[in-house]
Amino acid sequence: DNHDIISLKLYQLTVERTPEEEKKDREVFLPVVDNLKLPGMEAPLEPMSGLALFLIVFFSLVAIVFAIVIGIIVYNKWQEQSRKHFY
């Protein structure tokens, strides 16, 4: 892979300063990256519109009702099959 280096920020780790200079310039001891984006830290998603939320809930309920009806039909067929056995 080819990668382009856009910019570099360098910090000197061994700096001898007086206590007054340390109080004035804390950034030497606290390096920061201005435009750091970590993997998995995307921008927050915008909320869904009312119509989209309604459609998701509606079709979810339709799917649940459909699954229940299919389950009842299968259960009734199984009950009929179990009654036909002669012991």
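The values are calculated or read from the model by the stated rules, or taken from the named source; none is laboratory data. It should be emphasised that the depicted structure is a prediction, and the values quoted were computed from it without experimental measurement. Please note that ligands, DNA and RNA were not included when accessible areas were found on the heavy atoms of the full protein model with its side chains. Shrake-Rupley method; radii C 1.70, N 1.55, O 1.52, S 1.80 Å.
With the structure loaded, tell me whether Asp4 is at pLDDT 70 or above and assigned to a loop (DSSP other than H, G, I, E, B) or whether it fails that test.
yes
Quick check: is even one residue across region 66-82 at pLDDT 85 or above, open to solvent by 70 Å² or more (accessible area, probe 1.4 Å) and within 22 Å of the chain's Cα centre (by Cα)?
no
Just checking, does region 12-32 include any residue being open to solvent by less than 100 Å² (accessible area, probe 1.4 Å), within 29 Å of the chain's Cα centre (by Cα) and modelled with pLDDT under 75?
Narrowing region 12-32 to residues open to solvent by less than 100 Å² (accessible area, probe 1.4 Å): 15, 17-19, 21-22, 25, 28-29, 31-32.
From what is left, the residues that are within 29 Å of the chain's Cα centre (by Cα) are 31-32.
Retained after the next criterion (residues that are modelled with pLDDT under 75): 31-32.
Looking for residues that are open to solvent by less than 100 Å² (accessible area, probe 1.4 Å), within 29 Å of the chain's Cα centre (by Cα) and modelled with pLDDT under 75, one finds at least one in region 12-32, hence yes.
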